[in-house]
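Only the coordinates and a few stated rules stand behind these numbers; no lab work does. Keep in mind that what you see is a predicted model, and the values were worked out from it rather than measured. Every residue, glycine as well, gets a Cβ built from its backbone with ideal geometry; the counts of neighbours run over all protein chains shown.
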Amino acid sequence: MPRRPSVETLERDAKCADLYCKGFSYRQIMPQVGLRSTRSVGEAIRRHAKTAASETLRSPEVMQMMLDRLQDYRRLAWRVASSRHYITSPSGKVVTGPDGTPLPDLLPILAAVDRLVKIDVEEYKLRGLYAPAQARIEVVTQDMIEAEIRRLEAEVALNPDHSGTT
């Protein structure tokens with residue numbers, strides 16, 4: 001059985017998560033909470049999210065933290081999508097067209113749009129906007145198979161003239 005974390009660990013994990021939600025990087029959080037590595041900060045944030053989620057399945061704080069994080073990602077992707085990008089040669093020079101104007105590069109914009117769609121999908125999942133998948137599962141036991149065989153044998157026995165061909 002896993003050991004329960006101490007109150008100090010729970011409080012430090014919560015502080016890490018709070019600073020992370022406010023936009024601090026792992027490196028900025030480290031000295032504020034007394035941790036020695038960015039990995040430890042990441043583990044603290046994950047522990048806090050797991051603890052908060054297990055305390056209440058749909059914890060409003062955890063939900064808001066995730067939605068805020070998605071919104072941050074959305075802003076970054078939108079910044080890329082709305083910026084101008086130009087094709088560059090392997091040497092780093094901007095490629096120009098026959099008229100001397102720089103050739104626009106649409107790949108970063110398309111990648112940003114693709115990322116925005118993925119962010120939307122994640123938000124829809126968090127908010128529970130997708131209908132749950134429905135499946136019909138039918139269990140067929142050995143007893144059921146044998147009963148069906150007996151039924152078919154009895155049916156054939158009642159109709160001896162039927163040879164099985166049509």
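Relative to 2.2 N^0.38 Å, what does the C-alpha radius of gyration of the chain come to as a ratio? Two decimals please.
Working: Rg = 30.1 Å, N = 166, 2.2 N^0.38 = 15.3 Å.
Here the answer is 1.96, to two decimals.
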Compute the helix-to-body angle for 107-127: its Cα long axis versus the longest principal axis of the chain, expressed 0 to 90° and rounded to tens.
60
Long-range amide H contacts for residue 86: which residues qualify at under 5 Å (H placed 1.01 Å from N, peptide plane, sequence gap of 5 or more or a different chain)?
105
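With contacts defined as alpha carbon pairs under 8 Å and 6 or more residues apart, what's the relative contact order of segment 1-114 in percent?
Numbers: 87 pairs, mean separation 20.0, N = 114.
Once normalised by length, the contact order is 18 percent.
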Could you rank the peptides 128-134, 10-16, 65-71, 99-105 by their average count of other C-beta atoms within 10 Å per residue, with the highest value first?
10-16, 65-71, 99-105, 128-134
Going by how many other Cβ atoms sit within 10 Å of their own, how do 140, 62, 156, 80 line up, fewest first?
140, 156, 80, 62
How large is ³J(HN,Hα) for each residue in segment 146-152, as worked out from phi by the Karplus curve 6.51 cos²θ - 1.76 cosθ + 1.60 (θ = phi - 60°), to whole Hz, x for Gly and Pro?
5, 5, 5, 4, 4, 5, 5
Name the aspartates and glutamates eligible as straight-distance cross-link partners of residue 93: C-alpha to C-alpha under 16 Å, and not fewer than 8 places from it in the same chain.
105
Folded to 0 to 90 degrees: helix 38-55 orientation relative to the chain principal axis, Cα
50
Would you mind calculating the relative contact order of segment 75-133 from Cα pairs under 8 angstrom and at least 6 residues apart, reporting the percent as a whole number?
34
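So for segment 37-166, averaging the separation of alpha carbon pairs under 8 Å that are six or more residues apart and normalising by length, what relative contact order in percent results?
Values: 61 pairs, mean separation 22.1, N = 130.
With pairs under 8 Å counted, the relative contact order is 17 percent.
Show that you can apply the helix-only estimate: for the chain, add -39,500 (n - 2.57) for every DSSP H stretch of four or more residues, divide by all residues, and state [θ] at 222 nm to the nearest 500.
Rounded to the nearest 500, it is -20500 deg cm²/dmol.
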